[in-house]
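Input: a single structure, listed below in C-alpha cells.
The values are calculated or read from the model by the stated rules, or taken from the named source; none is laboratory data. Note that the structure is a prediction, hence the values are computed from the model and not measured. Counting neighbours? That spans all protein chains shown, and the Cβs are built from the backbone with ideal geometry, glycine included. The protein model used for the area step is the full one, side chains on, heavy atoms only, and it has no ligands, DNA or RNA in it. Shrake-Rupley method; radii C 1.70, N 1.55, O 1.52, S 1.80 Å.
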Amino acid sequence: MVAGYGQEPPDPPGARPFKPIEDLMLPEPPDADGAEGGGKNPAKPLGSSVSFAPGLAAPGTGPRDFASREPSDDDFDADDEGHFVPPEPPPLPEADATAKFAWLGVIGGPVLLLLAVLLGWDMTWWLTTLGIGGFIGGVATLVARMNPGDEEDDDPGRGAVV
C-alpha cells in the first residue's frame with residue numbers, strides 16, 4: 001500500500017472506463033455549405049442530452065410555484081358546516097391584593113438579592129430576610145390559594161363533546 005501511494009488503482013474487472021473529455025458529444029463544426037453538423041442531424045446546443053423528469057415543464061411552472069385559490073362560501077355544499085370560528089375567550093379574573101403581594105414576593109425577593117450582589121451592597125440580616133422570606137412567603141401564599149378543583153366528581157373523564 002505504501003509503495004503504491006499516489007498511484008491510481010486499476011479498474012475492477014468488467015468496469016468500463018470513463019470517456020475522456022475530448023470524446024464527449026460537442027457541436028460539430030459547420031460544413032462547407034454552412035450547415036452545422038454536416039446536415040446529418042439538426043444542431044444540438046451543448047448540454048442538450050440532459051433529460052428532465054417526466055411532467056416537468058418550463059421553469060416557473062414547478063410545484064413550488066403553485067398557489068391554491070382561497071376558499072369561498074360557494075365551495076361548500078349542504079353537508080359542510082363552514083369555517084370554524086372560535087368563541088371569544090372570557091376575560092381574565094382581576095387579581096386581589098393578596099395575590100399581587102404574593103407575586104411581588106416571588107419575583108421581587110430574588111431580584112432584590114441579585115441587585116444587592118451586583119451593586120455590592122452589604123448583606124445585612126434585614127436584606128437577606130426580605131429577599132429569601134419574600135420569595136418563600138410568596139410561593140407558600142400562591143400554593144395555599146390554588147383552587148384544588150372538584151375532587152368529589154366521580155366521572156374520571158368527560159371525553160370529547162360533539
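Observations, loosely collected:
- Close pairs (9 angstrom Cβ cut-off, 6 or more residues apart or separate chains): aromatic (Phe, Trp, Tyr) in the range 90-110, assigned to a loop (DSSP other than H, G, I, E, B) and open to solvent by less than 100 Å² (accessible area, probe 1.4 Å) anywhere: Trp103/Ala95
- Under the condition of being open to solvent by 80 Å² or more (accessible area, probe 1.4 Å), in a helix (DSSP H, G or I) and within 30 Å of Asn147 (Cα to Cα), the residues counted in the range 84-130 number 7.
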